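Q: A single structure is presented below for examination.
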Amino acid sequence: MEAYSDFAEVYDELMDDTPYEEWCEFLMEIFRRYGVDEVSKTADQTISDTNVRNEEAENKRNADGVTERTADSEETAAEPMDQNLRQERNTILDLGCGTGTLTELLARRGYDMIGVDNAEEMLRIAMDKRERSGLDILYLLQDMREFELYGTVGTVVSVCDSVNYLLTEEDIVQTFARVNNYLYPQGIFVFDFNTVFKYAVVIGDATIAENREDCSFIWENYYHEEEEINEYDLTVFVAEERNVSVAGGTPAGQTACGERMQGETGQGFCQARLGENVQAKRFRRFQEVHYQRGYRLEQVKTLLLQAGLDFLEALDADTHAEVTEESERIYVVARKGAETMANQTVVSDKEI
């Protein structure tokens, strides 16, 4: 079953405790550390404004038509290209952007944003957010293993376990090679991944459930040790409100607290006097199955190398300190490979 189809409808509600703001600030720290941040964008604009003012002054001084600026014509013609390259350097690709929450936060910080995801319903919600916010974000419905852009980008980010949905090392290398291909020279790639330790030890075969007023879920984990793949089966109940009249007696099957279930649809009734109109909730149920593979840091480093990317650093996602054997989620920072700085072609599946 396709992941994030019906689940997209309630994804943001069930993920409302996710610290997206903290993630955004942390990512910006990394951008600044490696010289890819909003400051460079502001500096580019300042340089551009200064060039315009200098050119106007030069034109005024040469108003009599006696000018030696002909020799500069070639440089002037190159200015639009330089501007395009500066814009590409300050563009961020959010790979596996989901409903666009982080994409919007980064766009509000002044970055030029592109969001890529292969879940159509998730992107629909992201585009609804874009319509409300008015932010200039480009969203593309693409598989992260085969994504295509119109130019290079200065930074690629991929957070919230997107990489774990790549279930084979071949898929990882193919995706990393795409990232390397579209990174601007010296561009960086920041991503996170859940570790084998998290799936095997922390989550294991646990069942997680959460009951909310309008939306509830049951999350059943099944860890497949040999493949190091975590399967989780989601059952989600979404409320659909309606008014009903309770009259004449207690409905069949109703419990003392005023609740009953019928087949796949649950109807919760407020406890009320007989004959009274009450607010009832009908819950629609749907199910999805997701698969994620756990990875180890040394394994990821090897896959980065195979894809032509240079590993820079790794951090525990919870502590932002050094990675340990018990790290559950890890941030990795990589850079466009030194050997592929210019005119790299995308590595084909066969070559990988």
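Values quoted throughout were computed directly from the atomic coordinates according to the rules given, and no laboratory measurement underlies them. Since the structure is predicted, the reported quantities are computational estimates derived from the model, not experimental observations. Cβ atoms come from the backbone with ideal geometry, glycine included; neighbour counts cover every protein chain shown.
Q: Given labels modelled 7 Å from the Cα in the Cβ direction, how far is it in nm from residue 206 to residue 33?
A: 2.8
Q: Let me ask something else about it. So if we plug the beta-carbon distance of residue 235 and residue 302 into 1/(1 + (r/R0)^6) with R0 = 25 Å, what FRET efficiency do we get, rounded to 0.05?
A: With a Förster radius of 25 Å, E is 0.10.
Q: Here is a further query. Along the Cα-to-Cβ line of residue 326, 7 Å from the Cα, sits a label point; which residues in region 200-218 have backbone N less than 14 Å from it?
A: 201-203
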